[in-house]
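Encoded as structure tokens, the structure appears first; notes follow it.
Where a number appears in this text, it was derived from the coordinates with a stated rule and is not lab data. In this text, all values refer to a predicted model and were calculated from it rather than measured experimentally. Glycine gets a Cβ as well: all are built from the backbone with ideal geometry, and neighbour counts include every protein chain shown.
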Amino acid sequence: MEFTFYGDLLGIGSAYRLGSKTAYDKLNAFYNETFRTLDAFCDDHRNSVEMFSDSLFIKGDDAFSSLADIALVFPNLLRKGLLLRGAMVRGKLRFDTRITKPNFGKRLPDDDTLARAVGLEKMQKGARFLVEADLANELLNNVPDWKTQDGYLRSIRSNADELLRRICPTPDNTSYECLFYWSRGIQLEEYAARIKDLKDIMVMCDKTTREHYEETISVIQRARHRHKITEERLEP
């Protein structure tokens, strides 16, 4: 199914206040790491990635097959001290055909896809990979019990793609999220090290920034918990 992902890098405004070179270095790391992670992903002509300032736009034809690649961007950035917050929604961002001139471009979205992605992304704090409820329900269609936390535990042995185990309701039940830190090659012992790094930075921050770190720590803890209980309950 077609999808659009919108994300933005947290903290760039604060970085600019510290100096343009500081902000540039953060954005440069953001661009380089995102390009490295999504290089092969973009070899598929159905996918497209666009970066502008601190924003990331991704769109494609297959939301399911794209989940793993997009999710991997989050921990890769996090290891470099960069917090990405983003949301994936159903529908592919398209623009009206307009009369233009060489120096006058027009990019008017033809529906509410971008507005839904941006609106969902702004609903939560911290580094988060949010998934619109309609899209998540479609992705979990073959394992409907996994659409709730208790249902996942009751049917944890259901036969489905491992990636779908990362999708769960947000704590406030306003949408779904992908527990991005439970990704390729991540071992359980790695969670504690990342949480410690975030806590050590958090204590030096103001209240607003601290909230982003607290929520990022929480999503990593949720990822560790689901990863752990899944391994325990799937043991022979």
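Set side by side, the residues L130, L120, L114 differ, and just one is hydrophobic (A, V, I, L, M, F, W, C), in contact with a strand residue (DSSP E or B) (Cβ under 8 Å, 6 or more places away or on another chain) and outside any helix (DSSP H, G or I), which is L130.
Just one of (1) outside any helix (DSSP H, G or I); (2) more than 17 Å from the chain's Cα centre (by Cα) trips up S183, so point out which. That leaves (2) as the condition not met.
Could you please find all residues in segment 178-191 being surrounded by 11 or more Cβ atoms within 10 Å (Cβ to Cβ) and either within 14 Å of Q221 (Cβ to Cβ) or basic (K, R) (or both)? Residues satisfying the conditions are L179, F180, Y181, W182, I186, L188, E190, Y191.
To keep it simple, each residue is scored yes or no on (1) touching a helix residue (DSSP H, G or I) at 6+ places or on another chain (Cβ under 7 Å); (2) under 19 Å from T209 (Cα atoms); (3) not aromatic (F, W, Y).
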| position | (1), (2), (3) |
| --- | --- |
| T22 | yes, yes, yes |
| F57 | no, no, no |
| A68 | yes, no, yes |
| L78 | yes, yes, yes |
| T97 | no, no, yes |
| G119 | no, no, yes |
| A133 | no, no, yes |
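When only residues in segment 73-100 that are more than 22 Å from M123 (Cβ to Cβ), touching a strand residue (DSSP E or B) at 6+ places or on another chain (Cβ under 9 Å) and not basic (K, R) count, which is surrounded by the most Cβ atoms within 10 Å (Cβ to Cβ)? Step by step, filter segment 73-100, then rank; the result is F95.
The listed residues are T100, T4, and the only one of them that is without any contact (Cβ under 8 Å) to a residue 12 or more places away in the chain and at negative phi turns out to be T100. Being without any contact (Cβ under 8 Å) to a residue 40 or more places away in the chain, closer than 27 Å to E50 by Cα, of a type outside the set (G, A, S) and not in a loop (DSSP other than H, G, I, E, B) is a condition met by at least one residue of segment 148-165.
Is it true that E177 is free of Cβ contacts under 8 Å to residues at least 12 places away in the same chain, closer than 24 Å to D69 by Cβ and either assigned to a helix (DSSP H, G or I) or not hydrophobic (A, V, I, L, M, F, W, C) (or both)? So E177 does not fit the description; no.
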